[in-house]
Amino acid sequence: MKNDNTNFFSGLAVSRLQPGKALGMSLLILGLLATIIFQNRETGLEIEQLAVHGEVDQAQRKAIYEFVKKQEKQFFDIDDVKTGIESIGWVHHVNVLQIWPDKLSIEVVREQPIAYWNDDAFINVEGKVFESAHEAGGALAHLRGPVGSEAQVMKQYQQLTMAMSPVDQTIEVLTLDERGSWQFTNQHDIRVLLGKNDIMERVHRFVLISTSTGFSTSMEFVRQVDTRYSNGIAVEWKDDFEARGIATAFNTQRELKL
């Protein structure tokens with residue numbers, strides 16, 4: 001077979017040329033490539049097949065399909081696809097792989113709700129608030145706080161949960177009010193006032209007293225515990241327990257420390 005020293009680039013034959021003609025051919029090829037790129041930027045990705053997998057159920061998978069289909073013309077590369085899908089509230093992050101020429105493989109990692117946030121959204125372990133119609137919620141704690149306090153409240157929730165776990169107590173509701181004061185309600189429906197300062201010291205005081213004889217066996221009769229005292233706590237008992245002498249044993253300190 002005759003060898004004419006011909007190279008091929010994307011189906012275009014380029015023979016040995018004089019320097020001026022070679023330069024002209026190179027400019028022609030670059031112009032064609034630029035035109036193709038420009039056309040892709042105008043028309044968006046050509047997506048014919050889409051595979052969605054990961055921590056998603058059928059409804060979430062369908063939601064991703066519908067989102068990509070609706071936004072397809074706005075996607076010019078896989079970074080656009082990734083950014084777009086990650087803008088969905090219940091999506092934590094995605095990994096996008098383009099399988100040439102027209103298939104996308106999308107791995108979805110969804111947000112994991114740790115608690116409810118202000119009764120109308122969820123919050124994750126990082127303190128990010130998100131909404132999702134795909135989460136049942138269930139027996140999650142309720143965290144409440146002003147706008148901008150999400151990460152602070154989540155961190156405090158984790159610290160308090162660890163402090164109370166040795167005595168098998170859990171937080172059902174944790175609230176940070178507009179003045180910066182903390183309180184929580186445990187699984188026994190006891191409201192615990194912590195105030196603004198020395199939060200962990202005060203919760204440890206509550207944990208200590210809650211294990212004492214008398215208090216630990218009478219939690220069902222406790223309405224509220226105020227830990228904002230310098231070296232003690234005050235217990236508010238339910239009406240049907242006021243007559244019992246033990247109620248006064250926990251109300252010996254009256255110096256309120258805010």
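Each reported figure results from applying straightforward, stated rules to the coordinates on display, with no laboratory input. Everything quoted here is computed from the prediction, not taken from an experiment. Heads up, the Cβs are rebuilt from the backbone with ideal geometry, glycines too, and the neighbour counts pull from every protein chain shown.
Before moving on, here are some points about what is shown:
- Annotation for Lys238 and Glu48: the two label points, set 7 Å from Cα along the Cα-Cβ direction, are 6.9 nm apart.
- In plain terms, the chain from Gln74 to Thr170 could stretch by 29.9 nm, reckoned as 0.36 nm per residue minus the Cα-Cα distance.
- Region 49-110 - charge dipole about Cα centre, Lys and Arg +1 at Cβ, Asp and Glu -1, debye rounded to 20: 200 debye
- Efficiency of FRET from Cβ geometry, Val147 and His188, R₀ 41 Å, rounded to 0.05: 0.85
- Each Lys and Arg contributes +1 and each Asp and Glu -1, all at the Cβ; summed about the Cα centre of region 115-250, the dipole is approximately 460 debye.
- The order of Lys238, Lys82, going from fewest to most other C-beta atoms within 10 Å of their C-beta, is Lys238, Lys82.
- Positive dipole terminus of region 98-246, leading residue within Tyr157, Val222, Ala234 (C-beta point charges): Ala234
- Remark: Leu194, Leu174 ranked as Leu174, Leu194, counting other beta-carbon atoms within 10 Å and listing the fewest first.
- Number of Lys pairs (Cα under 18 Å; 8 or more positions apart or on different chains) in region 56-160: 11
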